[in-house]
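Reviewing the structure listed below.
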Amino acid sequence: MLNHILAALNDYTFAFNQDEGYYSYISDNIAELAGYSNFDFENDTNLWFSIIDGRDIKKVEEQYDKPLYDDNSVSVTYRIRTTSNQLKWVNEKRCLYTEDSGQNILLSIVKDLQREDEEGYNREEAVAGYGILFDNNPNPMWIYEVSSLRFLKVNAMAIKTYGYSEAEFLTMTIQDIRPQADQDNLNNFLKDRGISEANFKGYSNSGIWRHITKSGELIHAEMYGDTIQYKHYDCRLTVATNVTERLYYQEEAKIREQFLNSLIDSQTNFLVRIDMNGNFTFVNKRFLKILGYNRADIVGKHFTVTSIPQDYQLCEDTFYNCINNPGKIVHLAHKKRDSRGNLHDTEWEFIAITNESKDVTGIQGIGQDVTDRINSQKEIAWTKSSLEAIINNTEDLIWSVDRNFRYLYMNHAFKNNIAKSTGTIPQAGDNSLQEKFGAEMLTKWRNYYTRAFSGESYVVENELTDPESGELYYYETSFNPIHNSDNVITGIGCFSRNISERIKARKSIIDQNERLQNIASLSSHELRRPVATMLGLINIIDKENFSNPDNKEIIDHLLVTGNEIDDVIRLIVNKTFI
């Protein structure tokens, strides 16, 4: 029965017959732990001690030298070196077991501590013969009769895990700890394996099953079993490892992986991985969608499959630069050809992928299609160039200043105008309020800028004197606040044009209007008076007796009045053509 119990355990076990000096039992899975087979240990009883790491020999010997009795055990944790020269931490628990024949069997239960960490094994197990192996096993164990499926024996962990007392267990069958929905699956499994008819013999791993505790909690258990005879019944000795937490974390890991994959596939960037041979091992959906390929067209193919011949060398240089400099981000900009033959401008950041030993195993890259951006940049550059040409081919002065009154932009006309006034061509970043302009001018322009920085758009006219000719000329200047995306004023845009001709024309019109007003005044006052006099004299002429002496005097007055009218007409003519 001992060998059956040992076979049902999930640990690595040795049973050494001290009286006859040989191993009576070695776990079939021992090679998984140290790389040595059962045959190796059977032929060299000192093999296990020889693979203990030298740093732990003294500690192990101290434990091995302790006397063992049927009711005690020793436990020691140490390192072993496997056939692959790998160090493993293990925990060995030893006890002495006396068989019915009276022979002493030294039992060793060895746990791979790394595997236990991964699987959540309980390290508190104490080994002390048959009772320890079953009753105090860290995993739930039971014995059930195959014909009736009733429990015949359960250990303490089964009682603790499922919540039933031992007496309650002994009134139940293994069907009673299964959900109702799983009853048919259980019956079919037992029938297919031939367990219910005792036709199935030996060890088996029955997989993971759902169990229900007394409180109604659903747990998952991985089932291991072996055939035994117990109380003269055909039975199965079962170990039920609670893997609920492990499955939970596996499900969590699966969900995280799905989430990560959804993030990768929802990326607007390209994501690729390339192995040491330069072949694609992964491309995300964005890469396939934009370039129009199927995964089979890319994965397993060399990275040049999507490149153009002119860029082959550039791509190869980037690849080797990346794998030769782990941890360094290598940038690459090149063209990719899609499935339709169209070219896409792309930009990439590549970094080497390393394993736990820091060996480079490939590279991965994040990239994006920048075709639209580059085309937009070209269009913007063309527009800017065209706009610059328009701005710099005008005689109007155009410039802008920041909040520190420093030049941000100036067209050629403005630079030439300032250079003519100061003798120095201004540059972007120069102070626009230079002392050479004079205190009065500086005060005036500082007020102009400040007014615009308050948010007001306005226009002013200025009268200036040409420093060379001394002539007066006039400029009209508009001030316009410049806002950023947050509507904060960051600068002032200024537009100034020479309006001297317009001022002259305006003055000419004013002068002309004044002359017309004078003419109207002369016509209405100076001319009307002599005309009225003339009309009055004509009315008193003696038309019936022209020889009347009074007519001569009237005619003399008419002559004087005519001369007055002539003088007024001359004055009007002079006023008109000045």
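General remarks:
- Rg over Rh [alpha-carbon atoms, Kirkwood Rh] for region 382-505: 0.96
- Here the translational diffusion coefficient of region 448-578 follows from Stokes-Einstein with Rh set to the Kirkwood radius across Cα pairs; for 37 °C and 0.692 mPa s it amounts to 158 µm²/s.
- Difference of contour (0.36 nm per residue) and Cα-Cα distance, Ile391 to Ser37: 118.6 nm
- Diffusion constant of region 311-354 at 37 °C, which comes from Stokes-Einstein with the Kirkwood Cα-pair radius and 0.692 mPa s, µm²/s: 291 µm²/s
- Cα centroid separation, region 160-229 to region 265-335: 52 Å.
- Estimated FRET transfer efficiency when R0 is 35 angstrom, pair Asp135-Asn85 (beta carbons, to 0.05): 0.35
- Linear extension gain, Asn404 paired with Ile519, 0.36 nm per residue minus alpha-carbon span: 35.8 nm
- Pairs from Lys93/Lys214; Lys301/Lys335; Lys58/Lys160; Lys420/Lys444; Lys285/Lys378; Lys289/Lys328 whose Cα-Cα separation, in the structure shown, is over 27 Å: Lys93/Lys214; Lys58/Lys160; Lys285/Lys378; Lys289/Lys328
- Positive-end residue of His334, Gly225, Ser485, charge dipole of the chain with Cβ unit charges: Ser485
- Efficiency of FRET between Tyr22 and Val305 - r from beta-carbon atoms, R0 60 angstrom, step 0.05: 0.45
- Whole-number percent relative contact order across region 472-578, with pairs defined as alpha carbons under 8 Å at least 6 apart: 22 percent
- Peptides 216-226, 545-555, 12-22, ordered by how many other C-beta atoms sit within 10 Å of their residues on average, highest first, read 216-226, 12-22, 545-555.
- Normalised by residue number, the volume inside the convex hull of the Cα atoms of region 421-471 is 107 Å³ per residue.
- For the peptides 388-396, 288-296, residues were scored by their other Cβ atoms within 10 Å and the scores averaged per peptide; the highest-first order is 288-296, 388-396.
- Those residues of region 302-325 whose amide nitrogen sits under 19 Å from the label point placed on Val360, 7 Å along Cα→Cβ: 302-304, 312-325
- Dipole magnitude of the chain about its Cα centre (Cβ charges: Lys, Arg +1; Asp, Glu -1), debye to nearest 20: 1440 debye
- Efficiency of FRET between Asp44 and Arg373 - r from beta-carbon atoms, R0 56 angstrom, step 0.05: 0.20
- Modelled this way, with points 7 Å down the Cα-to-C-beta line, the labels at Asn480 and Ile569 are 5.7 nm from one another.
- Correct option for log10 I(q)/I(0) by the Debye sum over Cα atoms at q = 0.07, 0.10 Å⁻¹ [calculated from the coordinates] among (i) -0.51, -0.90; (ii) -0.79, -1.06; (iii) -0.45, -0.91: (ii)
- The average projected area of region 309-424, computed from the convex hull of its Cα atoms over all directions, is 13.6 nm².
- Each of the peptides 96-104, 448-456 was scored by the mean count of other Cβ atoms within 10 Å over its residues; in descending order, highest first, they stand as 448-456, 96-104.
- Solution diffusion estimate, µm²/s, Stokes-Einstein, region 446-501, Kirkwood Rh from C-alpha pairs, 10 °C, viscosity 1.306 mPa s: 126 µm²/s
- The residue among Pro179, Gly470, Ile353 whose Cα reaches farthest toward the positive pole of the charge dipole of the chain, with charges on the beta-carbon of Lys, Arg, Asp and Glu, is Gly470.
- Take the Cα of Glu463, step 7 Å toward its Cβ, do the same at Asn104, and the gap between the two points is 12.8 nm.
- Scattering from region 498-557 was approximated by placing one identical point on each alpha carbon and applying the Debye formula without solvent; log10 I(q)/I(0) at 0.18 1/Å stands at -0.73.
- Dipole axis of the chain (+1 Lys, Arg; -1 Asp, Glu on Cβ), positive-most option in Val370, Phe282, Val90: Val370
- A crude spin-label estimate for the pair Gln250 and His557, with each label 7 Å from Cα along the Cβ direction, gives 13.9 nm.
- Remark: relative contact order (the chain) = 6 percent; criterion is Cα-Cα distance under 8 angstrom and separation of 6 or more residues.
- Percent RCO, i.e. relative contact order, over region 387-431, from Cα pairs under 8 Å lying at least 6 residues apart: 33 percent
- Cross-link reach list, aspartates and glutamates versus Lys415, counting only Cα pairs under 19 Å and skipping chain neighbours closer than eight places: Glu388, Glu395, Asp396, Asp402, Asp430, Glu435, Asp466, Glu468, Glu476
- Straight Cα distances below 16 angstrom link Lys552 to the lysines Lys543, with same-chain residues fewer than 8 positions distant left out.
Each reported figure results from applying straightforward, stated rules to the coordinates on display, with no laboratory input. Every value quoted in this text rests on a predicted model; they were computed, and no experiment measured them. When we count neighbours, we look across all protein chains shown, and the Cβ atoms used for this are built from the backbone with ideal geometry, even at glycine.
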